[in-house]
Amino acid sequence: MELDLGDRVVVVTGAARGIGAVIAQRFAAEGARVVACDLEFPPAADGVGGAGTEHSIDRVVCDVADPGSARAAVEEIAGRHGTIDVLVNNAGINVEGTLESLDWERWKACFDVNVGGVFLMSQAVAPVMKRAGRGRILNAASFAAIVPSVGSAAYAASKSAVVQLTRVLASELGPWDITVNAYAPGMVPTAMNGFAEMPAAAQDRLLDTLSLRRWESPDDVANLLIFLASDQAAYITGALLDVSGGKLATQIPAAAYGR
Ligand code: NAD
């Protein structure tokens, strides 16, 4: 299958580390012109797009939750690269706390980044994509949008909001051949969740909830996004793509492993 992304300008938010950094590298490996956006980047020689890395990736500092910053970043990128073909709204934060313990400021921060960031970046990019008469917007949701955890009120609600926002934008931008999809990763060990540093018993409890009983890798996510960004996915829009290793499939998948 031909997934030619060679002429595409791809913007990945939250790409200084974690899943976003790998998404950026994988698109660059496909030959795309990639721009990584984040609040800050490690010194130029390190991290995504650094001198030591295999593929050249442009970097733009941007706070996706700030309307002025999001607009300025998109203007800078479109000015530098001529257009924007693909926007991956990967930037997100995890906010934990029960009804009693969750602080209002943290709740708002979670919505500002996870939902507001998707809205603001999409709003800034839409005119650029409309001019081109094509585009792909890919939004990071989570399995938590469907099956939330105790103590995840803000995060889970924000990710559900991303799914609904995705559906509305898919219809509003459809006339310009711009597709908008959300994707739901499962459990990728990153700085956001610290899964890899948990005691073995706690890791086992989490892994027991997966049909494919292993941690997800950022490449598992990137594989889906590369497909969704390609011409092969031209007729997929307004969808939530589950890339969670079966997190949403059955109640007790560990039974299949004899556990
Ligand atoms: P991470 O914390 O490792 O990386 C997130 C990146 O986003 C960081 O580089 C951070 O600086 C950046 N960021 C945060 N706020 C920002 C802002 N206002 N503007 C610009 N950049 C900002 O997280 P991750 O685990 O790589 O997660 C990436 C995305 O995938 C998130 O949206 C997350 O909710 C989603 N997700 C992750 C998992 C998982 O298991 N790791 C599961 C489901 C969904």
Near the amide H of Asp242, under 5 Å away, which other amide H atoms are found, from residues 5 or more places off or on another chain, if H is placed in the peptide plane? Ala184
Simple Cβ-charge dipole of the chain, Lys/Arg +1 and Asp/Glu -1, about Cα centre, in debye nearest 20: 420
What angle do you read, to the nearest 10 degrees and between 0 and 90, between the alpha-carbon axis of helix 218-229 and the longest principal axis of the chain? 40
For the charge dipole of the range 191-259, defined by +1 on Lys and Arg C-beta atoms and -1 on Asp and Glu C-beta atoms about the Cα centroid, which residue among Ala191, Gly258, Ser217 has the Cα displaced farthest towards the positive pole? Gly258
Residue with peak Gaussian network fluctuation, the chain [Cα springs, cutoff 10 Å], from Thr190, Thr98, Thr179: Thr98
Check which residues have an amide H placed less than 5 Å from Ile93's amide H, if you skip close sequence neighbours. Asn114
I want the local charge near Thr166. Using Cβ-Cβ distances under 14 Å, sum +1 for each Lys or Arg and -1 for each Asp or Glu among the other residues. +1
Can you work out ³J(HN,Hα) from phi for every residue in the range 251-257, in order, using Karplus 6.51 cos²θ - 1.76 cosθ + 1.60 and θ = phi - 60°, giving whole Hz and x for Gly and Pro? 6, 10, x, 4, 4, 6, 9
Quick note, the range 1-45: a/c under 1.5 would make it rounded; otherwise a/b > b/c is prolate and the rest oblate (a ≥ b ≥ c, C-alpha gyration tensor); here it is prolate
Please give the charge dipole size of the range 180-259, origin at the Cα centre, charges +1 on K and R Cβ atoms and -1 on D and E Cβ atoms. Round to the nearest 20 debye. 260
Which of Ala145, Val61, Ala91 sits farthest toward the positive end of the charge dipole of the chain, with +1 on the Cβ of Lys and Arg and -1 on the Cβ of Asp and Glu? Ala145
Neighbour-count ranking [beta-carbon atoms within 10 angstrom, fewest first] of Val162, Val243, Val128: Val243, Val128, Val162
Could you list Ser56, Ser244, Ser211 in order of exposure, starting from the residue whose Cβ has the fewest other Cβ atoms within 10 Å? Ser56, Ser211, Ser244
Neighbour net charge for Leu224 - beta-carbon separation under 13 angstrom, K R +1, D E -1: -2
Could you derive backbone 3J(HN,Hα) for the range 238-246 from the dihedral phi with the Karplus parameters 6.51, -1.76 and 1.60 (θ = phi - 60°), listing whole Hz in sequence and x where the residue is Gly or Pro? x, 9, 10, 8, 8, 10, 10, x, x
Rounded, prolate or oblate: which fits the range 33-143, taking a ≥ b ≥ c as square roots of the Cα gyration tensor eigenvalues, rounded meaning a/c under 1.5, else prolate when a/b beats b/c? oblate
Amide H contacts under 5 Å for Cys37, placed H, 5+ residues apart: Val12, Thr13, Gly14, Ala15, Val60
Asp7 versus Arg205, label points 7 Å from Cα toward the beta carbon: distance in nm? 5.3
Proximal charge balance of Gly82 [Cβ under 12 Å; K/R count +1, D/E count -1]: +2
Residue-wise, which Karplus ³J(HN,Hα) couplings in Hz belong to the range 128-143, taking 6.51 cos²θ - 1.76 cosθ + 1.60, θ = phi - 60°, and x for glycine or proline? 5, 5, 4, 4, 7, x, 6, x, 9, 10, 10, 10, 6, 9, 5, 4
What is the angle, in °, between the Cα long axis of helix 153-173 and the longest principal axis of the Cα atoms in the chain? Nearest 10 is fine, range 0 to 90. 40
How about Lys130: which lysines have a C-alpha closer than 27 Å to its C-alpha, ignoring those fewer than 8 places off in the same chain? Lys159
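The numbers here are math on the coordinates, done by the rules we state, and not lab data. All of these numbers come straight from a predicted model, not from anything done at the bench. Virtual Cβ from ideal backbone geometry, glycine too; neighbours counted across all protein chains shown.
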